[in-house]
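Q: Quick one: structure below, then a few questions.
The values are calculated or read from the model by the stated rules, or taken from the named source; none is laboratory data. Everything numeric here is computed off the predicted structure, so don't read it as measured data. Note: ideal-geometry Cβ built from the backbone for every residue, glycine included; neighbour counts use all protein chains shown.
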Amino acid sequence: MENLAPISPGADAIERLVQGLNPPQRRAVEHGEGPLLVIAGAGSGKTRVLTRRIAFLVATGQAHPSEILAITFTNKAAQEMRNRVEELVGGVSRLMWVMTFHSACARLLRANAERLGYKRSFTIYDQADSLRMVKRCMEENEVDPKRFTPRSIQAAISGAKNRLEDSTDYAAQQSSYFEQVVSEVYSLYERRMVEASAMDFDDLLVRTVNLFELFADVRERYQRTFRWLLVDEYQDTNRAQYRLLQLLAGEAQNLTVVGDDAQSIYSFRSADVRNILEFEHDFQGAEVVKLEQNYRSTGTILDAANAVIANNTEQKQKNLWTDAGRGEPVVVAELDDEHAEARYVAGEIERLVGDEDYSRDEVAVFYRMNAQSRVLEDTLVRYEVPYQVIGGTKFYERAEVKDAIAYLSLLANPADAISFTRVINSPRRGIGRQTESRILSHTNTTGEEVWDVMSRPDVVPGLGSAAVKAVTRFAAVMAGLRDRAEGDSVAELLESVLHDTGYFDSLEAERTLEAEGRMENLQELIGVAGEFDINRKVEGEEREDTPLEEFLAQIRLFTEQDGIRDTESLITLMSLHNAKGLEYDAAFIIGCEEGVFPHARSVEEGNLEEERRLAYVGVTRAKQRLYMTCARRRSLHGTSGWNLPSRFLREVPDELVDHKAMAIQTGWQGGRSDGAAIRGFGGRGELRAADRVQPQTPEAEFRVGDDVVHASFGEGVITSVEPGSVVVVRFASEGGERKLMADYAPLKKAS
DNA sequence: TAATATTACCTTTTT
DNA sequence: GGTAATATTA
């Protein structure tokens, strides 16, 4: 034997897994049994730590791949983690469960639904479906939807579930009239959901907790199955998720959680920061590792982020640092209104992409509210900057897509009352509200499934002969489709559904552009189904579920997040919430104004610290360049008003900032009028009232930012105004700029 | 029942 | 400004 120090076969591989890690990262990766908390600052390489740790556990033989359950919050994050783990450990990664809380729960429940009184083929209701159910329950209980909005009641129910209170618990401690109403609706909602064999997103978590609490054998089985638990974004967990982890972790407590309390921005969705703040208390003997070295941003950007977040009181102390150098200052630009802001952003993007060689897919614009994207989009179109918008109305929330999915849901689960109400008169087949609600009350009184009732409409009291006929025809079509549901692929089935039900025909009959778009969306959905069919065939595992059931389960937990592309040459627009977990070379945070960001409502409700964390998230997305902009005047829901610059702007130390106060160059006004605007940022104190109200002379002349139309060059925008009534116009048709004599050119303001 | 006028209302939303 | 849920009428 030549080797004096025998090296085990995997030693090399193991060494490679910890190579290139900094000391705390390495400590986290090499941690053995027992609870581990990793406080991971923004950009500190947490995904790297998580994936290496998984690989390390497998490589050292501490864990068998099938014993690993790694949980994320988004499908996208799960996908990324799966890929990266596979790169490290190879094909055995397929034995691990790497998925979202909700997917994991759905899968566990699918196998055990009957023990909780649900059908195996239970349907997952998204928020919109669940809201419809809440509305129906309110109607049944004769709750006035004007007095209490369905939304607020839904939110109250969801909140209760996330605290693991069922309707009985809730009823026991209600103390106001509103809560009393909620508790009644909640109780009916629970009943109707079980009858429809449907679960909303909260149910997926809560019912899994129920399953583990009620059935020790099930709990112990899964405790043994998943000996190693790893959770990403732990700061976003709620009580139900916490309880779930506690139950799964069992005695062994091989639980690794990674998160950053400073990035907790989902309290309105019942996420509870205390979960991460009290982890060491909840899981005794936990090792704590802090990752503070940032590999993403410049020193200037990090200092800005640190300075902003320092204004919060409750947090785990940490200080992000980097050895990457200072970089450029943060640009803070104050503009006249949201249009000027949009033009500034568009202009800067052109400059970054054109002159500084930034790639478009490395540029993003963040805003507080989705509604803010509209003005920006208009401007980007005019500047011919290609972009994509993340969020807003999502593909899977479009009416036609939901209709199509509802048809499939009803085929898979004949008790699904909400899907029934969605499709019964869409397309129009002369079945109105009356008929619909009579059928539903009949199902509620007899306890039958909607499918059975609609198949025999003659037994429903109060239905006229025309209604009976229409419903019978509908039921016959559905019955025909159900016969096919068994054999056909999902794509084929979906296509039959859309043809046989007359859905395509009615869209075609509309002959509008909108209808055409809907057809395209439906074609895309068929495409998604086709892809699913192919993948399923490839995997070829033995499965108990039908393809249809599986497809529906998957698609319900799908979101637009999965559609974020970075391969194409597009800049990205999204809300600050959507930005978490992403990074861009250059980032713009627009609408940094009191009332917008921080949002007025958050200020009222005292959620300032969360708003500040949102600012922290936004700032830390930027790798090299950060812009923060605000508008003095902004139209918000119809009316225009004046705003103060956001306090978050003032919280960024002056020495890190390059102020750009874009005063309006009016040209004819004689003196410069930019003094007040610049002063707005100079001092730290309160802005004076005089700074807020900008006395503007009416639009007798052209001003920078005006949209104009030229008789021969077409639409354009004034980019500057020079002495002697010369205006510089950038025309959409040409891309370049042109100097014109304002008094003589055939130039008009656009309306 | 369905198409059209009118009015109320507005954050964020991984699943 | 724009949606979405009501009220109104054909």
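Q: Got a sec? Which of A:Glu292, A:Glu334 is away from DNA strand B (no atom under 16 Å from the Cβ), under 23 Å from A:Arg48 (Cα atoms) and touching a Phe, Trp or Tyr at 6+ places or on another chain (Cβ under 8 Å)?
A: A:Glu292 is the lone residue from the list that is away from DNA strand B (no atom under 16 Å from the Cβ), under 23 Å from A:Arg48 (Cα atoms) and touching a Phe, Trp or Tyr at 6+ places or on another chain (Cβ under 8 Å).
Q: Could you check, for region A:65-80, whether at least one of its residues is at positive phi and at pLDDT below 95? It would help to see each step written out before you state the result.
A: Let us first name the residues in region A:65-80 that are at positive phi, namely none.
No, there is no match, as no residue in region A:65-80 is at positive phi and at pLDDT below 95.
Q: Could I ask something else about it? Taking strands (runs of 3 or more DSSP E) that fall entirely within region A:7-123, which contain at least 3 residues that are under 30 Å from A:Val538 (Cα atoms)?
A: Details: elements: A:36-40, A:68-72, A:97-100.
Strands (runs of 3 or more DSSP E) meeting the threshold: A:68-72, A:97-100.
Q: Identify all residues within region A:441-467 that are part of a loop (DSSP other than H, G, I, E, B) and within 16 Å of DNA strand B (Cβ to nearest atom); write none if there are none.
A: Taking region A:441-467 first, the residues part of a loop (DSSP other than H, G, I, E, B) are A:447-449, A:456, A:460-464.
Result: A:Val460, A:Pro461, A:Gly462, A:Leu463, A:Gly464.
Q: Now a separate question. Write out, first by first residue and then by second, each pair whose Cβ atoms fall under 8 Å of each other, whose residues are 6+ apart or on separate chains, and whose first residue, in region A:200-219, is over 16 Å from A:Asp126 (Cβ atoms) while the second is small (Gly, Ala, Ser) and surrounded by fewer than 21 Cβ atoms within 10 Å (Cβ to Cβ).
A: Listed pairs, sorted by first residue: A:Arg219/A:Gly250.
Q: If I ask for residues that are in contact with a Gly (Cβ under 8 Å, 6 or more places away or on another chain) and closer than 17 Å to A:Glu348 by Cβ, which ones from region A:374-391 would you list?
A: Going through region A:374-391, the residues in contact with a Gly (Cβ under 8 Å, 6 or more places away or on another chain) turn out to be A:383-384, A:390.
Hits for region A:374-391 are A:Tyr383, A:Glu384.
Q: Which residue, of A:Asp202, A:Asp144, is under 23 Å from the mean Cα position of the chain (by Cα), within 16 Å of DNA strand B (Cβ to nearest atom) and of a type outside the set (Gly, Ala, Ser)?
A: On the way: A:Asp144 fails: under 23 Å from the mean Cα position of the chain (by Cα).
Only one candidate passes the filter, namely A:Asp202.
Q: Is one or more of the residues making up region A:88-109 within 30 Å of A:Ala63 (Cβ to Cβ) and charged (D, E, K, R)? Quick ask: steps written out before the conclusion?
A: Let us first name the residues in region A:88-109 that are within 30 Å of A:Ala63 (Cβ to Cβ), namely A:88-109.
Now narrow it down to the ones that are charged (D, E, K, R): A:94, A:107.
Within region A:88-109, one or more residues are within 30 Å of A:Ala63 (Cβ to Cβ) and charged (D, E, K, R).
Q: Count, please, the residues in region A:378-408 that happen to be among the charged types (D, E, K, R), within 11 Å of DNA strand C (Cβ to nearest atom) and assigned to a helix (DSSP H, G or I).
A: So the first thing to find is which residues in region A:378-408 are among the charged types (D, E, K, R), and the list is A:378, A:382, A:384, A:394, A:397-398, A:400, A:402-403.
In the following step, the residues that additionally are within 11 Å of DNA strand C (Cβ to nearest atom) were identified as A:378, A:397-398.
Restricting the remaining residues to those that are assigned to a helix (DSSP H, G or I) gives A:378, A:397.
The qualifying residues number 2.
Q: Among the candidates A:Thr445, A:Thr421, A:Thr472, which residue alone is of a type outside the set (A, V, I, L, M), closer than 22 Å to A:Arg132 by Cβ and free of Cβ contacts under 8 Å to residues at least 60 places away in the same chain? Working first, answer last.
A: Numbers: A:Thr421 fails: free of Cβ contacts under 8 Å to residues at least 60 places away in the same chain; A:Thr472 fails: closer than 22 Å to A:Arg132 by Cβ.
Selected residue: A:Thr445, the only one of A:Thr445, A:Thr421, A:Thr472 that is of a type outside the set (A, V, I, L, M), closer than 22 Å to A:Arg132 by Cβ and free of Cβ contacts under 8 Å to residues at least 60 places away in the same chain.
Q: Taking region A:476-503 on its own, how many of its residues are crowded, with 18+ Cβ neighbours inside 10 Å, over 18 Å from A:Asn413 (Cβ atoms) and not polar (S, T, N, Q)?
A: So the answer is 4.
Q: I've got another one for you. Any chance you could count how many residues in region A:596-650 are within 13 Å of DNA strand B (Cβ to nearest atom), surrounded by 24 or more Cβ atoms within 10 Å (Cβ to Cβ) and among the hydrophobic types (A, V, I, L, M, F, W, C)?
A: Counting residues in region A:596-650 that are within 13 Å of DNA strand B (Cβ to nearest atom), surrounded by 24 or more Cβ atoms within 10 Å (Cβ to Cβ) and among the hydrophobic types (A, V, I, L, M, F, W, C) gives 4.
Q: Another one. Starting from residues that are near DNA strand B (Cβ under 10 Å from one of its atoms) and assigned to a helix (DSSP H, G or I), keep the ones in region A:361-377 and report whichever is surrounded by the fewest Cβ atoms within 10 Å (Cβ to Cβ).
A: Ranking the qualifying residues of region A:361-377, first place goes to A:Ala371.
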